[in-house]
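Remarks on the structure that follows.
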Amino acid sequence: MVYDIIVIGAGPAGLTSAIYGRRANKKVLVLEAKSYGGQIINTLDIENYPAEEHISGFDFATKLYNQAKNLGAEIVFEKAVEVNDLGKEKEIKTTKNNYKTKTVIIATGSENRKLGLPNENELIGKGISYCATCDGAFYKKKIVAVVGGGNTALEDALYLSNIANKVYLIHRRDKFRAEEKVVELIKEKDNIELLYNSNITKLISNEKLEKIEITSNDGNIKTINIDGLFVAVGRIPENQNFAKLVELDENGYIVANENCHTNIEGIFVAGDNRTKTVRQLVTATSDGANAATSAIKYINDNKNN
């Protein structure tokens with residue numbers, strides 16, 4: 001059997017691709033290595049998605065999953081380990097099977113680079129977040145900390161300074177990597193305290209995060225009380241299995257513009273694993289629609305070739 005579209009990844013981008021593919025009456029297979037939903041399932045309350053004032057990430061993902069299934073998308077929980085370009089057809093190898101398809105949409109997303117501290121995973125959604133614009137509103141008039149030294153970390157701190165009473169900005173070096181203009185804005189904020197040459201070495205919790213231990217590069221240790229910690233130390237795109245096939249940028253993201261074409265005909269990309277500026281739920285679903293539309297056009301244009 002040759003599918004019209006195989007989607008690798010069952011997060012918001014991948015499931016949206018499947019929905020659009022099935023609505024165009026294409027044979028669609030979705031391959032997912034873990035569980036459907038991607039990172040959004042860790043979000044307790046989504047408030048910034050159009051027409052959904054409040055919905056949990058798990059409920060949102062489940063609605064997407066059921067919608068794709070009800071439209072007839074085949075969803076298989078197998079990890080894709082290799083994609084081969086055979087010309088008019090593509091071959092995808094998983095840990096269990098081989099599949100043939102006319103087009104591929106890579107929607108494997110990216111994962112947040114973590115601090116690597118004990119109980120970090122358990123505290124996600126219980127005081128630890130990797131998205132200030134997603135979760136910042138939960139910390140109105142509270143005390144928060146941001147860790148990181150790039151544009152994302154500093155922009156998160158600026159954003160949170162308009163919500164929280166106090167923001168600690170923690171960076172392991174003596175100078176930020178962010179743009180100088182952003183650094184100047186940070187220094188103008190009265191409620192942002194800068195902690196240079198420092199690392200978070202311990203997370204202290206009682207069901208939820210309550211304190212963090214900070215160790216300076218010269219060995220001094222102090223503990224501060226916080227309500228929330230926002231980690232912005234980079235992201236890791238899940239493109240390792242496709243590095244030999246499609247073009248990646250210097251950070252490992254698949255190179256593509258808004259139509260989601262890669263450098264290989266018939267292979268498309270959607271979601272957080274592609275080059276883009278904004279990585280949010282709404283842009284992931286937008287990518288899914290764009291990638292599927294591009295794949296459908298490619299199939300239709302090559303129908304008689």
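In whole percent, what relative contact order does the chain give with Cα contacts below 8 Å and a gap of six or more residues?
20
Let me check I have the definition right: for the chain, take the eigenvalues of the Cα gyration tensor, multiply each by 5, take square roots. What are those semi-axes in whole Å, largest first?
40, 19, 17
In a shell of Cβ-Cβ distance under 13 Å around Ile192, excluding Ile192 itself, what net charge do Lys and Arg (+1) and Asp and Glu (-1) give?
-3
Pulled fully out, how much extra length does the chain show between Glu207 and Ile264, if you take 0.36 nm times their separation in residues and subtract their Cα-Cα distance?
Taking Glu207 through Ile264 to full extension adds about 15.7 nm, to one decimal.
Where both partners of a DSSP beta bridge lie in the chain, what percent of those bridges are antiparallel, to the nearest 5?
Close to 45 percent.
Apply the membrane-span-like helix rule to the chain: whole DSSP H runs, Cα extent along the own long axis of at least 24 Å, mean Kyte-Doolittle hydropathy at least -1.0. List the helices found.
281-301
Taking the simple approach of a point 7 Å from Cα along Cα-to-Cβ for both Glu111 and Lys181, what is their distance in nm?
For Glu111 paired with Lys181, the spin-label model returns 3.5 nm.
Filter the cross-link list Lys175/Lys276; Lys102/Lys297; Lys63/Lys303; Lys140/Lys276 down to pairs whose alpha-carbon distance in this structure exceeds 23 Å.
Over 23 Å Cα-Cα: Lys175/Lys276; Lys63/Lys303; Lys140/Lys276.
Please compute the modelled spin-label separation between Ala137 and Ser216, points set 7 Å along Cα→Cβ, answer in nm with one decimal.
The answer from the label model is 3.9 nm.
Hey, got the dipole for segment 114-231? About the Cα centre, +1 on K and R Cβ, -1 on D and E Cβ, debye to the nearest 20?
120
Could you order the peptides 139-152, 49-62 from most to least packed, using the average number of other C-beta atoms within 10 Å per residue?
In decreasing order of mean packing, 139-152, 49-62 become 139-152, 49-62.
Starting with the highest mean, order 202-211, 225-234 by the number of other Cβ atoms within 10 Å, averaged over the residues of each peptide.
In decreasing order of mean packing, 202-211, 225-234 become 225-234, 202-211.
For the ranges 166-173, 7-14, 108-115, what's the packing order if you count other beta-carbon atoms within 10 Å of each residue, average per peptide, and put the highest first?
7-14, 166-173, 108-115
Taking a ≥ b ≥ c as the square roots of the Cα gyration tensor eigenvalues, with a/c under 1.5 meaning rounded and otherwise prolate when a/b beats b/c, else oblate, which class fits segment 1-155?
The shape class here is prolate.
Considering every Cα-Cα pair within segment 114-231, what fraction, in whole percent, is farther apart than 24 Å?
Taking all Cα-Cα pairs of segment 114-231, the fraction more than 24 Å apart is 17 percent.
Using a cut-off of 12 Å between beta-carbons, work out the net charge of the residues near Lys141 (Lys and Arg +1, Asp and Glu -1, Lys141 not included).
Combined, the nearby Lys, Arg, Asp and Glu give +2.
Cβ under 14 Å from Tyr20's Cβ, Tyr20 left aside: what net charge do those residues give with Lys, Arg +1 and Asp, Glu -1?
That sum, taken over residues with Cβ under 14 Å, equals +3.
FRET efficiency for Lys297 and Ile55, Cβ-Cβ distance as r, R0 = 22 Å, nearest 0.05?
0.10
Go through the cysteines of the chain and tell me which have no other cysteine Cβ under 4.7 Å away.
Lone cysteines by the Cβ rule: Cys260.
Read the figures in this text as sums done on the coordinates, not as results from a lab. Everything quoted here is computed from the prediction, not taken from an experiment. Heads up, the Cβs are rebuilt from the backbone with ideal geometry, glycines too, and the neighbour counts pull from every protein chain shown.
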